[in-house]
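Visitor: What follows is a single structure, and I will ask about it in a moment.
Each reported figure results from applying straightforward, stated rules to the coordinates on display, with no laboratory input. Just so it is clear, the model here is predicted, and its values are computed rather than measured. All Cβ positions, glycine included, derive from the backbone under ideal geometry; neighbour counts span all protein chains shown.
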Amino acid sequence: MLRFRRTVYCDNNATTRVGKKAQKAMTEVLGRCYANPSSPYRMAHEAAGILADARACLSRVVNAPPETLLFTSCATESNNSLRAIAPLLPPDKRAILHNPLEHPAMLETLFLLERQGFSLIALKPDRQGRIAPEDLERAWREDVGLAVCMAANNETGTLYDVKAMAAVAHAHGALFFSDMVQALGKIPVDLLDSEVDYASFSAHKIHGPKGVGALYVREGAPFAPFMLGGHQEEGRRAGTEGLHNIAGFAAAAGDVPLQLAGAGELCRRRDALAAALRELAPDCVINSPSASECQPGTLSITFPGRANAVLMGQLDYYGISVAAGSACNTGEDTPSHVLTAMGLSPEEARNTLRISLANDFSDRDLRYVINIFRDILSGAGNTLTAVRPSRLTAEMLFAPDVFIIDLRRTLKTEYALKPLPNSRSFPFFSIGKHLDEIPRNKHILVTCEVGYDAPIIAYYLRRKGYRQLSFLMWGLLGWKLARPQLYARFAGSSAQEGTQNE
């Protein structure tokens, strides 16, 4: 079916469009106030004033004293500060209770602490990712010195009662750390009322710039700097402040009340999309909880029997950007740790999409997304041939009219899986620079390591006018498992070096 293609961005939990106020604030600082805020002269005083104003603006939005907020390079750094905080716990309080659905920036930090001798106790979420304060109380041990739970989950939108959880921790004489990245701008955040000891934030999740975050440290809470060097941020975080990014963060934070005011409409559109998808695909499963327990713009949905990589490629062809519920960007055959911890099977996780909306998602956008899903789910949309690994024979591999694309992640130096014979390697992230090297008079077979990247690029090539296209399902790993003898005999043979380096 022919449709006028629009661009509808539905991956706001990954990042948001930078708002006009943030852009203006950053441009003004870059052009006019380039002095170092730590220097003693007049120009630096103006820079220091901008820094102080930005801190005061953020403090009003999250209801915390300005001196309890320090600016960081990102929320990942803020979460990593736990590496310096945890060693301050008493020797007999070296166990950490945590939500297993945390963002990798928090989980990997916790795993590092575990390797350093701390004990981790994972709480058990239900089928929609919920964990109640009572679950924290039941799991408590005498040696717990810290509890960690995010305020809102980035994949499902599930909300957590961090105020009640912090109360449980404090009742046992322990500390509480909350990743509030997905909460700010979506639900009210009141740090003094919540009584958390530490909290992390990110600018680019609220229409601010990338490269700046914040860490809240409650007055009196034990703290040691994670970044060492200079005396910036009152000696709590070394490194010259990225003043233009901080100004953009403050400008975006100033618009948080407007974002919260639109939460009701956003929730209505999210629920309307969920209802429409249930009607189009009655067997689909909504993983996000009900509206009262979910931040307004997030919808995690499983389509049984439909690979999320293929759905992402089809939606991207029509200008709709969504994310997968599985860790498709790792280049490994690893399902989402969030979804599997909630009880989904690896197969269900690989059939899951995350749709995350912002306030600029209109009713017109809603109608377009529903119509495109209708076309795709009914088979009326633009579809490409998915080649099953078991059907990939030697004759197909060496056919003169077939051009095989081997997609590779350019940051990797070694790959566990060898390419198909006679394939040509292209960088996944910038294949658009190499279109003149891909023939239009041959059938194009797109392959990748585990099957996530190939359908996305195949549909991208269709959008660029290529007509004879197919992609290898489950990637080179699937072919190796389905055709081990062919893989052993031909993988890597006569493969051209291609354009791996830009």
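Visitor: Taking the Cα centre of the chain as origin, work out the dipole magnitude from +1 charges on Lys and Arg Cβ and -1 charges on Asp and Glu Cβ, in debye rounded to 20.
Guide: Taking the Cα centre of the chain as origin, the dipole is about 1840 debye.
Visitor: Between the alpha-carbon centers of the range 235-281 and the range 373-420, tell me the distance in whole angstrom.
Guide: Value for the Cα centre distance between the two parts: 36 Å.
Visitor: Starting from the amide H of Ile405, placed 1.01 Å from N in the peptide plane, find each other amide H under 5 Å away whose residue is 5 or more places distant or on another chain.
Guide: Excluding prolines and chain starts, which carry no amide H, the hits are Arg424, Leu445, Val446, Thr447.
Visitor: Averaging sequence separations of C-alpha pairs under 8 Å and six or more residues apart, then dividing by the length of the range 109-195, give the relative contact order as a whole percent.
Guide: Details: 94 pairs, mean separation 22.8, N = 87.
After rounding, I find 26 percent.
Visitor: Going highest first, how would you order 248-259, 149-160, 466-477, 224-235 by mean Cβ packing within 10 Å?
Guide: Highest to lowest by the protection proxy: 149-160, 248-259, 466-477, 224-235.
Visitor: Here's a follow-up. Provide Tyr415, Tyr9 in ascending order of the number of other Cβ atoms located within 10 Å of each residue's Cβ, fewest first. List each step's numbers first, then the result.
Guide: Working: Tyr415 14, Tyr9 19.
Least to most surrounded, the residues fall as Tyr415, Tyr9.
Visitor: Taking H as built 1.01 Å from N, whose amide H comes closer than 5 Å to the amide H of Asp11, not counting residues under 5 places away?
Guide: Distant-sequence amide H within range of Asp11: Ser356.
Visitor: Further, regarding this structure: How large is ³J(HN,Hα), in whole Hz, for each residue of the range 111-121 in order, when computed from phi with the Karplus curve 6.51 cos²θ - 1.76 cosθ + 1.60 and θ = phi - 60°, using x for Gly and Pro?
Guide: Taking θ as phi minus 60°, the curve returns 5, 5, 4, 4, 5, 8, x, 7, 9, 9, 10 Hz for the range 111-121.
Visitor: Separate question: Considering only Cα-Cα distances, which of the following residue pairs are longer than 25 Å: Lys20/Lys205; Lys21/Lys163; Lys163/Lys205; Lys186/Lys210? Present the calculation step by step, with values, prior to reporting the outcome.
Guide: Details: Lys20/Lys205 15 Å; Lys21/Lys163 32 Å; Lys163/Lys205 22 Å; Lys186/Lys210 18 Å.
Violating the 25 Å Cα-Cα cut-off are Lys21/Lys163.
Visitor: Could you sort the peptides 88-98, 296-306 by per-residue average Cβ neighbour count (10 Å cutoff), highest mean leading?
Guide: The peptides rank, most packed first, as 296-306, 88-98.
Visitor: Would you list, by chain and number, the aspartates and glutamates whose Cα falls below 14 Å from the Cα of Lys464, excluding same-chain residues fewer than 8 positions away?
Guide: Hits, sequence-local ones excluded: Asp316, Asp436, Glu437.
Visitor: Would you mind telling me the antiparallel percentage of the DSSP bridges in the chain, rounded to 5?
Guide: Antiparallel: roughly 35 percent of the beta bridges in the chain.
Visitor: Another question, then. Kindly put Met26, Met43 in sequence by how many other C-beta atoms sit within 10 Å of each C-beta, fewest to most.
Guide: Fewest-to-most Cβ neighbours within 10 Å comes out as Met43, Met26.
Visitor: Could I ask something else about it? Report the convex hull volume per residue for the chain, counting only C-alpha atoms, in Å³.
Guide: 164
Visitor: Using only DSSP helix segments of four residues or longer, with each worth -39500 (n - 2.57), what per-residue ellipticity at 222 nm results for the chain after dividing by its residue count and rounding to 500?
Guide: Details: 19 runs with 178 residues, N = 502.
Here the helix-only value at 222 nm equals -10000 deg cm²/dmol.
Visitor: Taking +1 at the Cβ of each Lys and Arg and -1 at the Cβ of each Asp and Glu, which of Thr447, Tyr9, Ser345 sits farthest along the dipole of the chain towards its positive end, judged by Cα position relative to the Cα centre?
Guide: It is Thr447.
Visitor: Where does each of Ser288, Ser378 land when they are ranked from fewest to most other beta-carbon atoms within 10 angstrom?
Guide: So the residues, fewest neighbours to most, are Ser378, Ser288.
Visitor: Quick one: give the max-minus-min coordinate of the C-alpha atoms of the range 20-254 along each principal axis, largest first, in Å.
Guide: Principal-axis extents of the Cα atoms in the range 20-254, largest first: 56, 35, 28 Å.
Visitor: Can you tell me the dipole magnitude for the range 105-161 around its Cα centre, using point charges on the Cβ only (Lys, Arg +1; Asp, Glu -1), in Debye to the nearest 20?
Guide: Charge dipole of the range 105-161: 140 debye, to the nearest 20.
Visitor: Also, I was wondering about something else. Where does each of 28-38, 47-57 land if you order them by average Cβ count within 10 Å, highest first?
Guide: In descending order of packing, they fall as 47-57, 28-38.
Visitor: On a C-alpha basis, how far is the centre of the range 426-477 from the centre of the range 27-59 in Å? Whole number, if you could?
Guide: A separation of 47 Å, based on Cα centres.
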